[in-house]
Amino acid sequence: MIKVSHLTKKYGNITALSDVSFSVKRGEVVGFLGPNGAGKSTAMNIITGYLSSTSGNVTVDGHDILEEPTEAKKRIGYLPEVPPLYPDMTVNEYLDFIYELKGAKQKKDAHFNEICELTKIAAVRGRLIKNLSKGYRQRVGIAQALVGNPPVLILDEPTVGLDPKQIVETRTLVKKLGEDHTVILSSHILSEVQAVCDRIIVLNNGKLIADSKSDQLGQHLGGRAVTLRAVGSDSEIKALLNGLKCVRRFEKNEAASKGSVQEFTVQLDASEQAREEIFFAFAGKKTPIVELKTAEYSLEDIFMSLVSKA
Amino acid sequence: MKAIYKRELGAYFRSPTGYVFCAIYLFFSAMYFNSVLSTGQSSEFPRIYYGMLSFILLMLPLLTMRLFSEERKYKTDQVLLTSPVNITPLVMGKFLSALTVYFGCTLFTLIYAAVFSFFVSPSWPLVIGNIFGATLFGAAFIAVGMFISSMTESQFVAAMGSFSIATVFVILDVIPLRTSNEFIIKLVNNISFVGRYTPFKNGILDLSSIVFFLSITAAFIFLTVRVLEKRRWS
């Protein structure tokens with residue numbers, strides 16, 4: 001649906017994006033992840049045709065954004081970082097304007113009712129945008145992107161600046177939209193992308209440093225990690241772990257260690273027998289293991305490791 | 001184009017801008033009407049339009065300053081430029097909305113002509129010709145103001161920019177009164193907006209003046225489109 005190839009954007013001497021390529025299939029929900037200033041917004045602005053790339057190209061449903069901008073833009077609904085709202089208009093007037101601007105063909109009343117229902121702005125339709133709260137403005141911004149029912153939605157940090165309740169609501173909304181739209185969403189909040197997206201693209205300093213299914217991102221780290229709980233003294237367990245070849249490094253989880261039970265997060269190499277080696281080593285020294293399980297990487301860990309590697 | 005035209009026209013009257021512009025226009029044109037009445041000569045009627053020209057130059061920045069700078073400030077240009085519409089119709093829509101407000105004010109002067117017609121029969125072709133001329137005159141300066149507005153995101157800077165240009169033109173018109181150098185007088189009359197209006201005042205539809213105003217209008221609309229396109233590439 002969206003194909004981005006070798007995208008580079010330079011602002012004078014500053015390179016905002018360098019050689020970024022990826023493609024998004026129809027119906028996929030993709031998250032752009034990266035710290036502030038990583039190039040997420042720049043990439044989105046180029047895909048939507050607001051900015052032009054220095055080199056490389058973007059096609060939306062086969063239409064090049066530079067050569068057939070009208071056809072490409074028709075297929076995109078865009079929520080920029082700052083919702084593009086006219087404070088002097090009411091929500092209804094604003095949606096009317098967007099409807100005409102996009103030349104939408106849907107039956108207006110039914111279409112608006114549907115959008116307002118979905119984004120939960122039906123109650124404020126007669127109010128001036130300048131009097132709306134930040135949460136409502138964000139939702140009017142999303143409603144604006146939905147006008148004309150474009151197959152692709154590009155949402156730049158849709159939850160930024162919202163309160164926790166609104167964040168949950170917005171995520172639910174995006175998930176729902178993902179059922180029948182192709183969505184690209186950006187965020188610097190890792191758990192958010194994890195909750196909403198099928199696939200994650202990690203950007204840092206304008207470079208694409210990872211692109212994979214959200215549940216497979218951990219494999220980029222190489223090796224695996226386990227959480228180990230054993231009864232014994234601190235020094236005993238550390239000595240045991242240090243003596244094992246399959247253990248790359250380990251770390252004590254102070255918070256989870258109570259009394260004689262110690263908890264460690266252990267990074268293993270890729271060998272198949274690693275767990276058995278640990279078991280026998282501990283059993284031989286009469287240090288009972290009470291729990292041994294695969295550790296879940298948090299996206300924070302993944303992210304930090306990717307960023308420091310790149 | 002229709003969508004943006006409607007929005008912009010509405011925006012003038014959702015804020016005080018449109019009303020303030022109309023009020024100032026009516027105030028000054030009524031003063032000139034008053035002075036025409038006191039001369040008692042119907043042939044003096046174009047003075048309402050002619051006398052207004054300098055005021056119009058100084059007032060038009062009020063209409064043009066917000067056209068593009070406001071979009072940039074509120075980041076609403078993102079929704080315009082990512083919508084499936086070309087830049088030229090967007091610019092035209094904005095230009096026509098400002099022109100409509102201005103033209104609407106110009107039409108108010110027909111009331112003066114109507115009042116006149118109770119006493120003497122005004123020369124209608126002269127009145128229509130002057131409205132036509134005043135519209136061309138305004139269109140040209142609206143295009144200039146819109147161009148300046150497209151270059152900044154501060155309404156204040158946009159207003160001051162077009163206001164300064166207006167002031168230069170107003171001062172320019174004083175030069176011919178202070179010099180006897182034929183060349184300078186001719187030069188100033190040819191580039192001055194007010195100087196170019198003179199034929200309309202005298203009831204002449206001067207082709208070179210019409211072409212002058214139309215080409216200024218077209219040139220600055222074109223430049224505005226280029227500024228917006230360029231921003232994409234910078």
- prompt: Somewhere in the stretch A:9-18, is a residue away from chain B (no Cβ under 14 Å), more than 20 Å from A:Asp198 (Cα to Cα) and among the aliphatic types (A, V, I, L, M)?
  reply: yes
- request: For B:Met52, indicate whether it is under 24 Å from A:Glu93 (Cα atoms), open to solvent by less than 60 Å² (accessible area, probe 1.4 Å) and touching a helix residue (DSSP H, G or I) at 6+ places or on another chain (Cβ under 6 Å).
  value: no
message: Filter the stretch A:65-79 down to the residues that are open to solvent by 10 Å² or more (accessible area, probe 1.4 Å), in contact (Cβ under 8 Å) with a residue 24 or more places away in the chain and more than 8 Å from chain B (Cβ to nearest Cβ) and list them by number.
response: A:Arg75
- request: Return the total of residues in the stretch B:43-82 being of a type in the set (Asp, Glu) and away from chain A (no Cβ under 14 Å).
  value: 1
message: For the stretch A:28-63, give me each residue that is away from chain B (no Cβ under 14 Å) and surrounded by fewer than 17 Cβ atoms within 10 Å (Cβ to Cβ).
response: A:Pro35, A:Asn36, A:Gly37, A:Asn57, A:Gly62
query: If you check A:Ile129, A:Ile154, which single one turns out to be touching a residue at least 60 places away in the same chain (Cβ under 8 Å), surrounded by 15 or more Cβ atoms within 10 Å (Cβ to Cβ) and either within 14 Å of chain B (Cβ to nearest Cβ) or not hydrophobic (A, V, I, L, M, F, W, C) (or both)?
result: A:Ile154
query: Restricting attention to the stretch A:171-192, and to residues there that are of a type in the set (A, V, I, L, M) and farther than 14 Å from A:Val152 by Cβ, which single residue is surrounded by the fewest Cβ atoms within 10 Å (Cβ to Cβ)?
result: A:Ile189
field: Filter pass, B:Phe13 being of a type outside the set (Gly, Ala, Ser), within 14 Å of another protein chain (Cβ to nearest Cβ) and more than 30 Å from B:Ser123 (Cα to Cα)
entry: yes
field: Selection from the stretch A:234-271 of residues that are farther than 16 Å from A:Gly284 by Cβ, open to solvent by 50 Å² or more (accessible area, probe 1.4 Å) and not charged (D, E, K, R)
entry: A:Ser235, A:Phe250, A:Ala255, A:Gly259, A:Ser260, A:Ala270
- request: Check A:Val82, A:Val160 and return the single one that is open to solvent by 10 Å² or more (accessible area, probe 1.4 Å), within 11 Å of another protein chain (Cβ to nearest Cβ) and part of a loop (DSSP other than H, G, I, E, B).
  value: A:Val82
statement: Checked pairs for the stretch B:2-30, first surrounded by 16 or more Cβ atoms within 10 Å (Cβ to Cβ), second basic (Lys, Arg), C-beta under 8 Å and 6 or more apart or across chains, list as B:Ile4/B:Lys94; B:Tyr5/B:Lys94; B:Glu8/B:Lys94; B:Ala11/B:Arg66; B:Thr17/B:Arg66
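The values are calculated or read from the model by the stated rules, or taken from the named source; none is laboratory data. None of these values were measured; they are calculated from a predicted model. Don't worry about glycine lacking a Cβ; one is built from the backbone with ideal geometry, like all the others, and counts go over all protein chains shown. These accessible areas exclude ligands, DNA and RNA; they are computed on the full protein's heavy atoms, side chains included. Shrake-Rupley method; radii C 1.70, N 1.55, O 1.52, S 1.80 Å.
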